[in-house]
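**Q** Dropping the structure in here first, questions after.
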Amino acid sequence: MKQEKLKKIVGHAVIKYIKYGTIIGIGSGSTVSYFIDALSTIKNKIKGTVSSSEESTIKLKKLNIPVLDLNKINTLSLYIDGADEINMNMQMIKGGGGALTREKILATVAKKFICIVDFSKIVKKLGTFPLPIEIIPMAKNYIIKEMKNLGGQPICRKNFITDNGNIIIDVHNLNIINPVFLENLINSLPGVVTAGLFTKRRADIVLISTKNGVKNISFKS
Ligand SMILES: O=C[C@H](O)[C@H](O)[C@H](O)COP(=O)(O)O
């Protein structure tokens, strides 16, 4: 089965996890785009959404799904998003679409985070997918140097400005032995808005789309 088909299946499968009358946090990317299509079929049953990117907001509004301001809501019970890589500890690399910072905010605020992926995103070790880092433009050369010192090959994403007006450095070939340590280290560098490592806020549930159906993995600490 083609990857797009698997993304579509999991994007629709997650609908049954939505409690009517609640506000849903919406991630970004192609898997989420299928999820938004499915969400539109129950749009009258939810209170609204908060969105992690301009791209998702445009799609939500086009489908007449209400988009609310995170600062004007009390609780966010559920956040649904894809990932570029996820390991068996439910730690992720995200930000292939550049929406990592707003995604991390919503994932952190939400009580529950459901990650929707096709099986190709499951990895033993994070880091085959280049690690995106959102940075303030002034810090570009400094962060490139720091990432080289860490053994990575940083590449500034061409012609790309984030929804927050910043730039993205994609770091290739990082040997990520301790994802928690690396997330903390990169996030502590001046000029870094956030690294696309999600280790403090992991997924609570992962729905994995496979050729044999959608598998559900729940996090147990
Ligand atoms: O910034 C983008 C997000 O982190 C996406 O969740 C991630 O890139 C996965 O996207 P897709 O579902 O298109 O593979």
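Since every read-out is calculated from the coordinates, none of them should be taken as a lab result. This is a predicted model, so every value here is computed, not measured. Methodologically, a virtual Cβ is constructed for each residue, glycine included, from the backbone with ideal geometry; neighbour enumeration extends over all protein chains shown.
**Q** Place a point 7 Å from Cα of residue 142 in the direction of its Cβ. Which residues in the range 153-185 have their backbone N less than 17 Å from it?
**A** Flagged as within label range: 166-169, 185.
**Q** I've got another one for you. Would you compute, from DSSP H runs of 4+ residues alone, the mean residue ellipticity of the chain at 222 nm, taking -39500 (n - 2.57) per run and dividing by the full residue count, rounded to the nearest 500?
**A** Values: 6 runs with 59 residues, N = 221.
It comes out at -8000 deg cm²/dmol, rounded to the nearest 500.
**Q** With N set to the number of residues, divide the alpha-carbon radius of gyration of the chain by 2.2 N^0.38 Å and report two decimals.
**A** Numbers: Rg = 16.9 Å, N = 221, 2.2 N^0.38 = 17.1 Å.
Scaled against compact globular proteins, the figure is 0.99.
**Q** Considering only DSSP beta bridges with both partners in the range 131-196, what is the antiparallel share in %, to the nearest 5?
**A** 100
**Q** Additional query: If you look at just the Cα atoms of the range 19-94, how large are its Rg and its Dmax in Å?
**A** For the range 19-94, the Cα-based Rg and Dmax read 12.6, 36 Å.
**Q** All other residues with a Cβ under 15 Å from the Cβ of residue 119 taken together, and with Lys, Arg as +1 and Asp, Glu as -1, what is their net charge? Can you show the working numbers first?
**A** Details: positive: 2, 5, 7, 8, 121, 124, 211, 215; negative: 4, 84, 85, 118.
For residues surrounding residue 119, the net value is +4.
**Q** So what's the range 131-196 giving for Cα Rg divided by 2.2 N^0.38 Å, two decimals? Write out the running numbers ahead of the final one.
**A** On the way: Rg = 10.9 Å, N = 66, 2.2 N^0.38 = 10.8 Å.
Here the Cα radius of gyration is 1.00 times the empirical estimate.
**Q** Projected onto the charge dipole of the range 131-196 (+1 at Lys/Arg Cβ, -1 at Asp/Glu Cβ, origin at the Cα centre), which of 193, 174, 141 gives the Cα projection farthest towards the positive end?
**A** 141
**Q** Work out the length of the dipole vector of the chain about its Cα centre, built from +1 on the beta-carbon of each Lys and Arg and -1 on the beta-carbon of each Asp and Glu, and round it to the nearest 20 debye. It would help to have the intermediate numbers written out before the result.
**A** Details: 32 positive and 16 negative charges, 132 e Å.
The calculated dipole for the chain is roughly 640 debye.
**Q** Continuing with the same structure: Provide 6, 68, 39 in ascending order of the number of other Cβ atoms located within 10 Å of each residue's Cβ, fewest first.
**A** Lowest to highest Cβ neighbour count: 68, 6, 39.
**Q** Please state the relative contact order of the chain as a whole percent: Cα pairs under 8 Å, 6+ residues apart?
**A** Working: 468 pairs, mean separation 48.0, N = 221.
Value for the chain: 22 percent.
**Q** Mind sorting 202, 102 by how few other Cβ atoms lie within 10 Å of their own Cβ, fewest first?
**A** On the way: 202 19, 102 24.
Ranking 202, 102 by Cβ neighbours within 10 Å, fewest first, gives 202, 102.
**Q** Hey, another quick one. Given a Förster distance of 25 Å, report the FRET efficiency between residue 54 and residue 212 from their Cβ-Cβ distance, rounded to the nearest 0.05.
**A** Working: r = 36 Å, r/R0 = 1.44.
Once the sixth-power term is evaluated, E becomes 0.10.
**Q** Right, another one. Treating the angle as unsigned and between 0 and 90°, give the value, to the nearest 10°, between the Cα long axis of helix 30-39 and the longest Cα principal axis of the chain.
**A** Taking the Cα atoms of the chain, the angle to 30-39 is about 20 degrees.
**Q** For residue 75, put the label point 7 Å out on the Cα→Cβ axis and report which residues of the range 86-111 keep their amide N under 11 Å from it.
**A** In the range 86-111, the label zone of residue 75 (backbone N under 11 Å from the point 7 Å along Cα→Cβ) covers 111.
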